[in-house]
Amino acid sequence: MVGASVTSSWCHSLFVPHREERAEHQSNTEERSKDMIAITPLFKPGRVLATPGAVEALESAGQGIWEFLTLHLNANWGIVSDEDKALNDESLKDGSRLLSAYRLKTGVKIWLITEAADDHGNRVATTALLPEEY
């Protein structure tokens with residue numbers, strides 16, 4: 001497997017896979033790319049973060065943050081109220097905070113919140129969290 005590990009605060013080392021591992025990695029990547037679609041996000045998420053509770057919930061559900069981030073970046077706000085959907089749609093224009101909510105396969109609700117950096121549509125970060133962690 002290709003990977004980087006930090007060996008000190010300023011040095012990274014790269015592990016180069018054996019020929020067989022590279023071929024397997026390429027085959028797996030090609031298979032996954034058949035199921036992928038290209039998207040053009042409606043806004044930049046800034047740094048993508050997750051709270052410990054969100055990480056644990058996603059792992060328990062066998063799901064990844066990117067599944068929900070893709071929806072969020074395309075204005076699929078999930079299971080928020082109609083009022084929150086309207087506020088989000090306005091936020092795309094004025095650059096303010098965005099909130100999406102989704103239900104994991106386990107039934108747990110997860111939020112994605114994108115915080116505004118300024119009034120020019122710049123975003124600081126998008127954080128995945130559980131409602132009780134807010």
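Rule-based calculations on the coordinates, nothing more; no lab input. Worth saying up front: this structure is predicted, and the values here are computed from it rather than measured. Methodologically, a virtual Cβ is constructed for each residue, glycine included, from the backbone with ideal geometry; neighbour enumeration extends over all protein chains shown.
For this structure, a couple of remarks:
- Checking each residue in segment 117-129 for being in contact (Cβ under 8 Å) with a residue 24 or more places away in the chain and surrounded by fewer than 18 Cβ atoms within 10 Å (Cβ to Cβ) picks out 117, 119, 120, 121, 122, 124, 125.
- Scan of segment 77-91 for residues that are under 14 Å from residue 126 (Cβ atoms) and either hydroxyl-bearing (Ser, Thr, Tyr) or out of contact with any strand residue (DSSP E or B) (no Cβ under 7 Å at 6 or more places or on another chain) (or both), ordered by number: 91
- Residue 127 being hydroxyl-bearing (Ser, Thr, Tyr) and more than 17 Å from the chain's Cα centre (by Cα): no
- Residues that are among the hydrophobic types (A, V, I, L, M, F, W, C) and under 18 Å from residue 44 (Cβ atoms) were ranked within segment 99-115; the one that is nearest to the chain's Cα centre (by Cα) is 112.
- Candidate set: segment 64-98, residues that are under 11 Å from the mean Cα position of the chain (by Cα) and either charged (D, E, K, R) or part of a loop (DSSP other than H, G, I, E, B) (or both); chosen: the one surrounded by the fewest Cβ atoms within 10 Å (Cβ to Cβ): 64
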